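See below for the structure under consideration.
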Amino acid sequence: SKVTGAKSYTPQSPSEITGICKQIASDLRHQYTIGYQPPNSNAGVYHAVRVTATVPANGKLRVSTRSGYLMPSEPQVLPPTPSTKASL
């Protein structure tokens, strides 16, 4: 999970599951997504990623990211979702 920026939870007993679910819910409510498009494609090349965040008055921030990404050789084309399909 560290490579992808994800987290892994391994509860030792069923009583720990509620706390884990609360932590996940809190994380989801306090997250942002940052997009980035590199100036050149460099297909097939691994790109390291480093994200830092600061806040005035030394507020507490935690950044969770993956360590980088591999630019695919071929562009990925996603099928349209129901909300993006043209209506006839």
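Any read-out appearing in this document is the output of simple, stated calculations on the displayed coordinates, not a laboratory observation. Predicted model only: the values in this text are computed from it and were never measured. All Cβ positions, even for glycine, are placed from backbone atoms using ideal geometry, and neighbour counts span all protein chains on display.
Scan the range 1-64 for chymotrypsin sites (Phe, Trp or Tyr not before Pro) in coil per DSSP, keeping those whose Cβ has at most 15 other Cβ atoms within 10 Å, and list them by number. All intermediate terms of the calculation are to be shown ahead of the outcome.
Values: sites: 9, 32, 36, 46; in loops: 9, 32, 36.
Answer by residue number: 9, 32, 36.
Work out how much length residue 63 to residue 27 would gain on full extension: take 0.36 nm times their residue separation and subtract the Cα-Cα distance, in nm to one decimal. Before the final figure, lay out the partial values.
Values: separation 36, 0.36 × 36 = 12.96 nm, distance 1.11 nm.
Gain in length upon complete extension: 11.8 nm.
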